[in-house]
Amino acid sequence: MSMVIITINGKEFSAKTGEMVVDVARKNGIYIPTLCNMEGVIPQGSCRICTCLIDGRTMAACTTPVSHRMNVETNNAELEKIRTTIVELLFAEGNHYCPTCERSGNCDLQALAYRFNVLVSQFKQIFPTRNVDAKNPKILIDHNRCIQCKRCIRRMGGSGKPAWFSFKDRGHKVKVNIDHELTADFTDEMAQKAMDTCPVGAILKKEKGFDVPIGRRKYDTEPIGTEIEKEGAKL
Amino acid sequence: MSKPVVATTSLAGCFGCHMSLLDIDERILDLIELVEFNKSPIDDIKTFTKECDIGIIEGGCCNSENVHVLKEFRKHCKTLVVIGECGRTGGLPAMRNNNASITECLEEAYLNCVSVQANDEKIIPNDDELPMILDRVYPCNEVVKIDYFLPGCAPRADLIWNALVALVTGDEMNLPYEVVKYD
């Protein structure tokens with residue numbers, strides 16, 4: 001595999017051809033905010049939170065493969081504004097009642113809002129009518145909180161394995177559908193994996209929740225991406 | 001120079017944000033030195049007796065009374081600060097917005113709920129004296145212009161304290177990561 005040299009925020013790094021910009025940045029301790037992207041899952045670039053300035057153009061860093069002498073700028077005032085606007089839109093689009101959510105404090109969408117210091121959404125909330133699917137014995141799906149990132153669809157099942165999750169309907173009515181027959185014998189491990197795959201509180205493992213006290217949850221004291229940035233400081 | 005005047009109210013909230021305001025502990029003595037309270041449940045002044053500098057609002061609008069009070073606050077206060085999730089996003093009362101009609105809400109509250117015991121005549125209160133319930137719960141910024149928002153359920157006492165002191169002294173608002181939370 002051939003190597004290329006790319007510049008991220010003025011510093012040069014070597015990367016393998018075919019690697020995505022977001023992964024190269026992560027390995028080198030530079031945090032690019034992501035939401036629909038997950039390490040080890042085929043990227044799709046739908047949420048655009050990872051939008052960076054790549055060779056002068058705004059591109060999704062999770063679906064842009066590196067090329068020789070590529071120049072990437074991961075953060076500036078305009079990019080921060082784009083990202084903040086996306087987070088505000090996602091909050092306005094769904095029914096995100098943080099105080100009632102089991103995922104609060106461990107939620108990626110909420111953590112991004114904290115990182116960007118969103119005090120209020122500039123958009124009027126839609127309050128869409130959505131339901132909760134709790135038929136599965138191990139997990140429940142709360143469509144109110146789903147951001148349609150497709151992480152569950154891409155990570156759970158697929159590529160030869162039966163698809164446990166899939167999209168149903170189209171446009172603004174699109175929602176994640178769970179195959180109740182295939183998931184009837186879901187184990188605790190599979191339920192946990194499904195819950196961990198969801199960046200928000202849309203997929204929850206049953207009989208679990210609020211088990212970590214406020215103050216000790218993932219994003220209570222440090223913003224999302226701090227781990228990556230700490231690694232970067234060591235390099 | 002006279003002290004800045006502060007008014008507070010709880011609309012469609014649970015008074016948790018006011019509890020959090022009291023949670024500033026002994027700093028409440030400093031607060032009394034810094035500001036004067038006007039209309040507020042804290043001092044039990046029911047109506048505005050003078051123009052205020054800062055209005056602190058807890059809760060969104062779920063009935064006509066809430067809308068009336070909020071508009072009064074906008075009229076009498078130079079700066080309006082919404083504290084808490086209910087005022088900022090509608091919060092928990094707004095959970096009725098997406099899956100229940102007013103009829104369903106009232107029937108659940110007065111007829112069908114398991115804790116309803118002595119309503120044999122199946123009465124849903126409907127007196128002229130009672131405020132009308134709105135079609136849905138409105139965050140405060142959908143009713144009047146709001147100047148500042150402090151998130152949290154309830155907002156951390158330090159967040160309210162920092163914001164209030166900054167507003168009164170004119171210093172820059174210090175919002176540490178640990179205190180800006182949505183829950």
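List of remarks:
- Order of A:Ser67, A:Ser46 - criterion: other Cβ atoms within 10 Å of each residue's Cβ, fewest first: A:Ser67, A:Ser46
- Rounded, prolate or oblate (a/c below 1.5 giving rounded, otherwise prolate when a/b exceeds b/c) for the protein assembly as shown by Cα gyration tensor: oblate
- Loop-resident trypsin sites (Lys or Arg not before Pro) (DSSP state other than H, G, I, E or B) in segment A:15-99 with no more than 13 further Cβ atoms inside 10 Å of their Cβ: A:Arg69.
- Top of A:Val87, A:Val174, A:Val72 by mean-square fluctuation, Gaussian network on chain A, Cα under 10 Å: A:Val174
- Relative to one another, the C-alpha centroids of segment A:117-174 and segment B:168-182 are positioned 34 Å apart.
- Segment A:69-169: C-alpha gyration tensor shape, a/c 1.5 cut-off, then a/b vs b/c: oblate
- Residue of B:Pro155, B:Pro125, B:Pro93 that the Gaussian network model of chain B assigns the largest fluctuation, springs spanning Cα pairs under 10 Å: B:Pro125
- Straight-distance crosslink candidates among lysines, where the alpha carbon sits under 20 Å from A:Lys173 and sequence neighbours closer than 8 are dropped: A:Lys124, A:Lys150
- Cβ-Cβ FRET estimate between B:Lys122 and B:His68, R0 fixed at 25 Å, reported to 0.05: 0.25
- Test item: A:200-209 mean partner chain Cβ contacts at 10 Å: 0
- For the pair segment B:105-135 and segment B:1-66, the centres of their Cα atoms are 30 angstrom apart.
- Using a cut-off of 18 Å between Cα atoms, the listed pairs A:Lys135/A:Lys175; A:Lys138/A:Lys168; B:Lys3/B:Lys78 include A:Lys138/A:Lys168 as exceeding that distance.
- Loop chymotrypsin sites (Phe, Trp or Tyr not before Pro), segment A:51-134 (other Cβ atoms within 10 Å of the site Cβ: 13 or fewer; DSSP): A:Phe123
- Within 10 Å of the Cβ of each residue in A:115-125, the mean number of Cβ atoms contributed by other protein chains is 4.
- Separation of the A:Ile214 and B:Glu104 label points, Cα + 7 Å toward Cβ, nm: 2.9 nm
- Segment B:Ser115-B:Met132, extension gain: residue separation times 0.36 nm, minus the distance between their alpha carbons: 3.8 nm
- Stretch in chain A that is longest and holds no GluC sites (Glu not before Pro) that DSSP places in a loop and that have at most 13 other beta carbons within 10 Å: A:40-180
Read the figures in this text as sums done on the coordinates, not as results from a lab. What you see is a predicted model; the values in this text were computed from it and never measured. A quick note on method: Cβ atoms are made from the backbone with ideal geometry, for glycine too, and the neighbour counts reach across all protein chains shown.
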